[in-house]
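Q: This is the structure I want to talk about, given as structure tokens.
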């Protein structure tokens, strides 16, 4: 598969994975962990907090204003890199969420979101234009949860400042075909869900994860000691997810997944890959609690 196509596909899937969730989440606290692999490669811990404040403008029309912050603790064995690993031992990501949603008719709802922010290793201690990112989404949602056979269709478009790619479309289709079974197909994820009860739910899931960040001071990488200005990690994971509903709006979740692919790249300002790290992590853990619409 051509590298350019693989990169575009990853960005496409990653962006759309957050679109519906962030429009419906009012608050979330989350932890993601990748324990060190068998060959002492790297370990990864991400702590994330998200909050959105809904403002009702009129019936079925809301403005959302919120914050999304992540702190990433990243450790890599110095034998795998040619530079001081402390240059990439932590990253911070911050977004301002501004969303707007309203009901078009009895079947369709429209939602849009814009996210200015920054993503950086902050080694220079001061933010610069290089750290800035801008992302945005627009989606049309048809949610028929009250049907005899409930389903949800999402059609939309996203622009990713983190990936530097142009406008990207996506589609997602969810259907509950049995009182205890449902599925979601499309991009960015595929899952099969078993609704054990009104409070307990299990899912077989496959999805993508990852992040990108600016390297403020630049890092000399590769045989030619070229200067890398961008850091990117891409993950493809598959496994089991458990969800417990305290109420209709408060939910705890935990994922235990196997890492199918883990890629770490160092890139220049033109997003050309200068060097890569070979990762051998096998386990991906994600857990958190969310307050949703």
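Q: Under a crude label model (7 Å from the Cα following the beta-carbon direction), how far is residue 60 from residue 206 in nanometres?
A: It works out to 3.7 nm between the two label points.
Q: Report the gain in length on full extension from residue 199 to residue 276: 0.36 nm times residue separation, minus Cα-Cα distance, nm rounded to one decimal.
A: Extra length from residue 199 to residue 276 when fully extended: 23.4 nm.
Q: Given an 8 Å cut-off on Cα distances and at least 6 residues of separation, report the relative contact order of the stretch 179-239 as a percent.
A: For the stretch 179-239, the relative contact order is 27 percent.
Q: Quick one: Cα centre-to-centre distance for the stretch 40-70 and the stretch 250-293, in angstrom?
A: For the stretch 40-70 versus the stretch 250-293, the Cα centre distance is 18 Å.
Q: Order these peptides, 119-131, 260-272, by their mean beta-carbon neighbour count within 10 angstrom, highest first.
A: For the peptides 119-131, 260-272, the packing ranking is 260-272, 119-131.
Q: Continuing with the same structure: What label, among (1) 15.7; (2) 16.5; (3) 14.7, belongs to mean projected area of the Cα convex hull in nm² computed from the structure on display?
A: (1)
Q: Hey, what number do you get for the chain at 222 nm if only DSSP H runs of n ≥ 4 count, each worth -39500 (n - 2.57), divided across all residues, to the nearest 500?
A: Calculated mean residue ellipticity at 222 nm is -2500 deg cm²/dmol.
Q: Hey, how much of the P(r) for the stretch 98-237 falls beyond 17 Å, as a percent of Cα pairs?
A: Value for the stretch 98-237 (Cα pairs over 17 Å): 72 percent.
Q: Tilt of helix 3-24 relative to the longest C-alpha principal axis of the chain, in degrees (0 to 90, nearest 10)?
A: Helix 3-24 sits at roughly 40 degrees to that axis.
Q: For the chain, what is the relative contact order in percent, using Cα pairs closer than 8 Å and at least 6 residues apart in sequence?
A: Value for the chain: 17 percent.
Laboratory data are not the source of any read-out in this text; all were calculated from the coordinates shown. Not measured: the values here are computed from a predicted model. Here the Cβ is made from the backbone with ideal geometry for all residues, glycine too, and neighbour counts use every protein chain on show.
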